[in-house]
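The structure appears right after this line, and notes come after that.
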Amino acid sequence: MGIQLFKPTFHIDECLEEIRECLEEGWTGLGFKTIKFENRWNEYTGHKNSHYLNSASAGLHLAIKILKLENKWNDGDEIISTPLTFVSTNHAIMYENLVPRFADIDEYLCLDHKDVKNKINDKTRAIVFVGYGGRVGRLKEIIKICKEYNLKLILDAAHMAGTRMDGIFPGTLDGVDVAIYSYQAVKNLPTADSGMICFNNKKLDSICRKFTWLGINKDTYTRSNSEGKYKWEYDVEYLGFKNHGNSIMAAIALVQLKYLDSDNEYRRELCKYYDELFVNNPYVKSIPAPYEKECSYHIYAIEVDDRDNLMMALNDVGIFPGVHYKDNTEYDMYSYDYGKCPNAHKMSKRIISLPLHMQLNKEDIRYIAQEINKFTGCK
């Protein structure tokens, strides 16, 4: 198999025990474990409203849909986003007939707050900030801009499970309207696939819960546990979706959450070791992270020349890195902003994501770094 880019580690016996409770209870869908995990996530992060979903991609769409609905945005209005992200970030904007307006990235591969200001116009309604690899970048500067221009702020925290800033979870900062987390199969808190959406506004959280259950105003778990007559009665208030999470995935998440901080600490140790092994190589530049001692480090990325040939050379010796991400403006549907984010365009052709997961050890990291140093002529 070689050394894989991502490989999740599950605490199997504990996960199976949590799942067993679902099967014995006869409740594997919405409710039961999903509510328990929502409460645990609130306790862990300090969020007040957390709603468990079947994916973070669904959460991004819901965040934009509900903000558009409640703030009466029009089709054709714009949201500033990054071109260096997985396409689900920007697809979520397009789903709602809004326009992603791309701003360039900084040295952290997060939004460059100076270019963000340059991209604001009279159609701008919000900013989506992607915490690349768990990095917070200059999020505080973005928050200031949102407050100055009365813009909504959506935090794409897909990589940020466990990331903090001086002990504070970025999604809970004043000025962040909604944060969306991913528990997809290879994320720091892995399930098979699921996510969480955390609105800071209780009303929006309530609306979201209806949207994720087809617009119905009373879900099956609530109806099953409510007292009184007419439990079967409900109304359909929105044209909603089937986006809620289920108790099997939540059962896994409950176990994985217990190990998230210690897992992230180990990731930081591996990243530090990578840094030490590249320190004397002028041809390899690691991507920095502010608050590096609190970063989740979902991705360890380096910048190099001749990226593609290096990747093939690594494949030849059983090392399988990745690329996160291709500049989205290179895709036809986003090409209207092609060339307007030169740093993102340059970096998307120079960055490599190196293997980083809980089953690696220092010997693996040494081997990977040795092969990269050899390729770049720096032994």
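A short reminder: the numbers here are calculations on the coordinates, not readings from a lab. Bear in mind that the values here come from a model prediction, so they are computed numbers and not experimental data. Neighbour counts run over all protein chains shown; Cβ positions are idealised from the backbone, glycine included.
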Once you've got the GNM for the chain with C-alpha springs shorter than 10 Å, pick whichever of Ile93, Ile120, Ile12 has the biggest mean-square fluctuation.
Ile12
Among Ser206, Ala161, Leu53 the positive-end extreme of the charge dipole of the chain (Cβ point charges)
Ser206
Ranked list, fewest to most other Cβ atoms within 10 Å of each Cβ, for Met312, Met249:
Met312, Met249
Can you tell me the orientation of helix 260-278 relative to the chain, as the angle in degrees between its alpha-carbon axis and the longest Cα principal axis, to the nearest 10?
20
Would you mind working out the magnitude of the charge dipole of the range 202-350 relative to its Cα centre, with +1 at each Lys and Arg C-beta and -1 at each Asp and Glu C-beta, to the nearest 20 Debye?
700
Here, GluC sites (Glu not before Pro) of the range 225-312 satisfying both criteria (DSSP loop; at most 16 other Cβ within 10 Å) are Glu227, Glu233, Glu237
Select from the range 87-195 those trypsin sites (Lys or Arg not before Pro) which occupy a DSSP coil region and have at most 16 other Cβ atoms within 10 Å, ordered by residue number.
Lys123
Size of electric dipole in the range 12-258: Cβ of Lys, Arg +1 and of Asp, Glu -1, about Cα centre, debye, nearest 20
500
Counting only residues 5 or more places away or on other chains, whose amide H sits under 5 Å from the amide H of Glu78 once H atoms are built in the peptide plane?
Val99, Thr124, Arg125
³J(HN,Hα), Karplus 6.51/-1.76/1.60, whole Hz, each residue of the range 341-347, x for Gly, Pro
10, x, 5, 4, 5, 5, 5
Within straight cross-link reach of Lys202, meaning Cα distance under 17 Å, which lysines are found once same-chain residues fewer than 8 apart are removed?
Lys48, Lys65, Lys68, Lys152, Lys210, Lys218
What FRET efficiency comes out for the pair Lys202/Arg40, r = Cβ-Cβ distance, R0 = 25 Å, nearest 0.05?
0.85
Taking neighbour counts of Cβ atoms within 10 Å as a proxy for exposure, in what order, fewest first, do Phe278, Phe320 appear?
Phe320, Phe278
May I ask which residue of Ile216, Cys110, Gly133 lies farthest towards the positive end of the charge dipole of the range 12-258, with charges of +1 (Lys, Arg) and -1 (Asp, Glu) on Cβ and the Cα centre as origin?
Ile216
Per-residue ³J(HN,Hα) for the range 151-158, Karplus 6.51 cos²θ - 1.76 cosθ + 1.60, θ = phi - 60°, Hz, x for Gly and Pro:
10, 7, 10, 10, 9, 7, 9, 4
Cut-off under 5 Å, modelled amide H: who pairs with Ile105 long-range:
Asp112, Asn343, Ala344
Considering only lysines 8 or more places apart in sequence, or on different chains, count the pairs in the range 243-379 whose C-alpha atoms sit under 12 Å apart.
4
Can you give the relative contact order of the chain as a percent, counting alpha carbon pairs under 8 Å and 6+ residues apart?
23
Using a 10 Å cut-off around each Cβ, can you sort Leu173, Leu254 from fewest to most neighbouring Cβ atoms?
Leu173, Leu254
For the range 135-149, take each phi angle, set θ = phi - 60°, evaluate the Karplus expression 6.51 cos²θ - 1.76 cosθ + 1.60, and give the result in whole Hz per residue in order, putting x for glycine and proline.
6, 8, x, 10, 4, 4, 5, 5, 4, 4, 5, 4, 5, 5, 9
Which net charge results when you count Lys and Arg as +1 and Asp and Glu as -1 among the other residues whose beta-carbon is under 11 Å from that of Glu70?
+4
